[in-house]
Amino acid sequence: MSPKNVRKHRRPHSDEEKQTSKKRKMQLETSETNGFASQRTKEPRLSPALFSDTCEIQHGSLRQLIKYAVLGKERSTQASWCSIHHQKRLQGVVVIVLEDLSQHHFYQFYMHFLCLRRLFQHRFSLPPPSTDFISSLVGLDLDDDKARTEAQAGSNNLHRLNDPINKLNSPSATKCNLACNPILRKYGKERHCLTRYLLSEEEMRTNDYPCVGSPDTENYVHSNCMEDPTDSSPLFGLDCEMCLTTQGSELTRVSLVDAGGCCVMDELVVPDNPIKNYLTRFSGITKKMLLPVKTKLKNVQEKLKEILPKDAVLVGHSLNNDLRALQMIHPNVIDTSLLFARDFGRKFRLKFLAQAVLQSDIQSEDLVGHRPSEDAVAALKLAQYFIEFGPEKVAHLNLESMFKDANNVFNTECDKISEIKENGLAPHLQSQHTDKSSLVDSLQKVGHKISYVTRKDAVNSPTCLAQFENVLCASNEEVLKRANEVVPLSPLTIVNYQPGDIFSRHNVGTNEKVIRKYEEMMTIFAGPFKEPVCLKSVKVHFQSCGPIHSLNIILDTCQPYVCIKYSVLEAAQLAVKHLDGTYVNGCCIKVQRLITRMSLDYEDIIKEMEEDPENRDTIYVSGFMKPLTENLLQQQFSHFKEIKAIFAPKNQRSQQNEKYCFIKFQSPRSAAVAAADICTHGGFMCQKAVTSSHFLHWFQDAVLSTPLHTEFTLENNPKANLSGIIKNTDMKMNEIYKNLPVNTLCLLLFPGNNRDGGVLPGFGLMGIKTDHM
């Protein structure tokens with residue numbers, strides 16, 4: 001898979017990072033394509049974003065995926081969150097909508113979805129539907145007057161994005177509360193000279209810059225720029241590209257531009273260690289390019305020391321990564337990712353800032369990889385703009401609102417603009433042949449309609465519209481039968497299946513019960529202890545297994561016990577396995593789970609989750625002493641040759657990376673070997689992963705909206721009835737999938753709910769049917 005952003009468990013949203021190896025936080029790649037399928041195969045395949053900080057996919061982004069799958073690159077662009085390889089070999093797209101189901105049903109009846117869990121490797125969350133789901137899925141809600149007005153407003157907002165005069169006079173800017181702007185809070189309203197925007201030594205250390213005396217910079221060289229900078233000191237833009245070697249990330253190219261934007265240095269560099277992955281997609285570097293190159297890192301370091309004046313100021317975007325790639329210490333820097341400040345430690349992408357501030361398009365998707373000189377010039381001009389016009393004018397640009405306005409345009413399917421990528425804008429469509437109309441209009445222009453299979457009595461069905469080739473059925477059985485007949489004949493088929501009016505039987509407290517069930521699975525009890533109990537030492541002992549959500553003393557027993565609720569399932573698993581029988585405060589303690597009516601089957605659920613396609617080649621690692629950084633992960637795990645990606649979730653309150661991570665490998669075998677090695681030699685706690693990224697995102701959001709300590713009683717409506725409906729639905733979907741033509745993209749969607757039963761997010765599964773399935 002080709003990660004789009006790391007994400008982002010992300011998920012979601014996530015901090016700004018350049019899409020190169022050095023700037024993709026928590027991301028280690030080991031193959032040119034980083035895909036689940038071999039690069040040699042010519043079968044169509046999917047590459048969704050790995051471990052996105054947020055796995056919730058907006059309906060507009062889902063439409064973009066479908067549009068590209070059906071129409072190809074001549075009339076559409078790839079979705080930002082998922083790539084389709086060999087799209088021309090796709091035989092068709094089928095979207096199956098399971099009415100009345102939401103994401104919480106997937107986890108409520110997890111054991112019953114036996115077929116779906118094994119058939120579909122890729123999954124994602126969906127937001128609750130705001131309108132009729134089918135209409136919003138294909139963009140038909142834009143035909144409403146209200147939606148058309150919103151789209152026009154969004155288009156006007158985006159037009160103002162490229163108009164520097166209107167930027168200062170836009171309604172969003174005038175309404176902006178400048179007192180709360182993070183740029184003004186940091187720098188005030190007055191214009192300052194260059195030296196005001198230099199990072200202090202404390203800021204450099206906080207943001208992982210190489211500094212004199214840092215324990216991880218013993219072999220770094222100093223730039224020898226020892227003179228104190230002044231407001232007239234020369235500015236130089238710097239950017240680097242990297243590859244992945246046997247020792248981790250190493251420099252392959254460096255570009256330096258002067259204050260006028262002229263390139264004074266552009267060098268290819270041969271790493272000291274064997275290259276495992278050129279990361280061509282992001283760096284643009286190929287094996288052929290490096291074959292004649294003799295330049296080494298030490299040569300580049302010496303040349304930089306010769307070029308840079310003694311009071312030189314280096315400018316870059318996330319410049320700490322570039323200096324670490326150069327293994328160089330430079331004391332005077334301006335970092336544009338920190339200069340254009342955002343709240344909660346988030347950062348704008350360089351691409352977005354270049355478009356929004358400079359009206360300049362960089363990092364074109366038409367090119368393979370980034371051009372470091374282009375990025376260096378962009379960062380340099382951004383710093384010069386900030387210095388020349390001052391923080392107040394930059395604050396008036398209202399960048400946060402620009403990004404949100406542009407994002408809203410895409411979510412309303414205003415196809416006059418390009419899609420919005422995470423924390424930035426994608427490049428505008430370059431091909432004059434690109435069809436910028438909606439999905440249904442685009443299909444109509446090439447002579448196709450959407451084949452729509454549904455029951456005659458379906459509610460809110462868009463079956464009366466001309467863009468649909470309607471197949472109306474009398475029952476669910478007929479829907480399934482006709483779907484098998486229609487799918488091979490149509491480039492896009494939507495099957496609307498109603499498994500049994502689940503929400504009509506949905507108790508208002510059911511969602512809370514599902515959350516409570518998994519909370520109980522994450523809770524353990526430790527004891528007995530002697531009084532008084534030192535909670536601090538207990539916390540230190542148990543947090544080696546993972547993040548602790550809460551910790552309480554239980555005094556209702558003869559001797560005190562401690563109830564520990566973790567934030568992830570793996571932490572509770574590790575605590576039971578490894579801390580039972582250990583000593584805390586001189587007491588040999590038992591560690592055990594809470595068993596209730598709702599969590600009786602937790603062992604079976606966890607076993608199945610471990611073998612889930614999303615988790616079987618992934619391990620969970622905890623026991624780090626401080627929040628994770630890219631350098632720390634490189635030091636600890638870069639010797640593993642088959643790592644596909646590393647995801648370190650963020651703490652929702654502090655916005656710092658947590659002290660645990662998930663590592664995805666090329667195969668379950670390589671994951672098992674690495675887990676054994678880490679447990680034996682790494683000094684960390686480790687086990688097979690149970691928590692998929694979309695589960696973590698869904699659970700964290702659900703916990704925030706669920707009342708604590710809610711008590712539930714037995715329902716009068718027996719759950720067995722719903723279990724039978726779910727099992728039957730699972731088998732029926734399995735039959736449809738097996739009957740699909742080879743090379744068919746299948747999306748199976750739980751639309752969620754936004755009506756009588758409350759607001760519940762949706763869920764999606766996707767895969768491409770191949771001949772060996």
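Please list, ordered by residue number, the strands (runs of 3 or more DSSP E) wholly in region 231-271 having 1 or more residues that are at positive phi.
Working: elements: 235-245, 248-257, 263-268.
Where strands (runs of 3 or more DSSP E) fall fully within region 231-271 and carry at least 1 residues being at positive phi, they are 248-257.
Can you find, within region 450-463, the residue that is modelled with the lowest pLDDT among those that are of a type in the set (A, V, I, L, M, F, W, C) and over 31 Å from the mean Cα position of the chain (by Cα)? Walk me through it before giving the result.
We begin by selecting, within region 450-463, every residue of a type in the set (A, V, I, L, M, F, W, C); these are 450, 453, 458-459.
Of the ones still in play, those that are also over 31 Å from the mean Cα position of the chain (by Cα) are 453, 458-459.
Values: V453: 91, A458: 67, V459: 55.
Top of the filtered list is V459.
Of the conditions (1) open to solvent by 20 Å² or more (accessible area, probe 1.4 Å); (2) over 21 Å from P229 (Cα atoms), S283 fails just one. Which one is it?
(1)
Just for helices (runs of 4 or more DSSP H) wholly inside region 668-773: which have at least 1 residues that are surrounded by 12 or more Cβ atoms within 10 Å (Cβ to Cβ), at pLDDT 90 or above and in contact with a Phe, Trp or Tyr (Cβ under 6 Å, 6 or more places away or on another chain)? It would help to see each step written out before you state the result.
Values: elements: 668-677, 693-704, 719-739.
Qualifying helices (runs of 4 or more DSSP H): 668-677, 719-739.
Taking region 236-277 as the search range and keeping residues that are surrounded by 21 or more Cβ atoms within 10 Å (Cβ to Cβ) and of a type in the set (A, V, I, L, M), which one is nearest to Y197 (Cα to Cα)?
So, considering only residues that are surrounded by 21 or more Cβ atoms within 10 Å (Cβ to Cβ) and of a type in the set (A, V, I, L, M), the one nearest to Y197 (Cα to Cα) is L238.
Suppose we keep only residues that are touching a helix residue (DSSP H, G or I) at 6+ places or on another chain (Cβ under 8 Å) and among the small types (G, A, S) within region 200-231. Which one would you say is most open to solvent (accessible area, probe 1.4 Å)? Quick ask: steps written out before the conclusion?
First pass over region 200-231, keeping only residues touching a helix residue (DSSP H, G or I) at 6+ places or on another chain (Cβ under 8 Å): 203-204, 207-211, 214, 216, 221, 223-224, 229-231.
Okay, now just the ones that are also among the small types (G, A, S), so 214, 223.
Numbers: S214: 18, S223: 1 Å².
Top of the filtered list is S214.
Determine if region 427-449 includes at least one residue that is modelled with pLDDT of 80 or more and either within 31 Å of the chain's Cα centre (by Cα) or open to solvent by less than 50 Å² (accessible area, probe 1.4 Å) (or both).
Taking region 427-449 and keeping what is modelled with pLDDT of 80 or more, we get 446, 448-449.
With the extra rule that they be either within 31 Å of the chain's Cα centre (by Cα) or open to solvent by less than 50 Å² (accessible area, probe 1.4 Å) (or both), the set shrinks to none.
Within region 427-449, none of the residues are modelled with pLDDT of 80 or more and either within 31 Å of the chain's Cα centre (by Cα) or open to solvent by less than 50 Å² (accessible area, probe 1.4 Å) (or both).
Does any residue of region 321-330 turn out to be open to solvent by less than 10 Å² (accessible area, probe 1.4 Å) and assigned to a loop (DSSP other than H, G, I, E, B)?
yes
In region 186-206, what residues are modelled with pLDDT of 85 or more and under 30 Å from the mean Cα position of the chain (by Cα)? Talk me through it step by step, then tell me what you get.
Keep residues of region 186-206 that are modelled with pLDDT of 85 or more, which gives 186-205.
Hits for region 186-206 are K186, L199, E202, E203, M204, R205.
Would you confirm whether any residue within region 100-123 is within 20 Å of L745 (Cβ to Cβ), touching a Gly at 6+ places or on another chain (Cβ under 9 Å) and open to solvent by less than 10 Å² (accessible area, probe 1.4 Å)?
Among the residues of region 100-123, at least one is within 20 Å of L745 (Cβ to Cβ), touching a Gly at 6+ places or on another chain (Cβ under 9 Å) and open to solvent by less than 10 Å² (accessible area, probe 1.4 Å), which makes the answer yes.
Need pairs with beta-carbon distance below 8 Å; first residue in a helix (DSSP H, G or I) and within region 479-490, second surrounded by 14 or more Cβ atoms within 10 Å (Cβ to Cβ) and of a type in the set (D, E, K, R); sequence gap 6+ or separate chains.
Once the first residue is in a helix (DSSP H, G or I) and sits in region 479-490, its partners that are surrounded by 14 or more Cβ atoms within 10 Å (Cβ to Cβ) and of a type in the set (D, E, K, R) give V479/R455; L480/K732.
Looking only at region 485-518, count how many residues are closer than 30 Å to Q91 by Cβ and modelled with pLDDT under 85. Break it down stepwise before answering.
Residues of region 485-518 that are closer than 30 Å to Q91 by Cβ, as a first pass: 485-499.
Keeping just the survivors that are modelled with pLDDT under 85 gives 499.
Summing the residues that are closer than 30 Å to Q91 by Cβ and modelled with pLDDT under 85 in region 485-518 gives 1.
The values are calculated or read from the model by the stated rules, or taken from the named source; none is laboratory data. Just so we're clear, the structure is a prediction, and the values are computed from it rather than from any experiment. Methodologically, a virtual Cβ is constructed for each residue, glycine included, from the backbone with ideal geometry; neighbour enumeration extends over all protein chains shown. Just the protein is used for accessible areas: all its heavy atoms, side chains included, with ligands, DNA and RNA removed. Shrake-Rupley method; radii C 1.70, N 1.55, O 1.52, S 1.80 Å.
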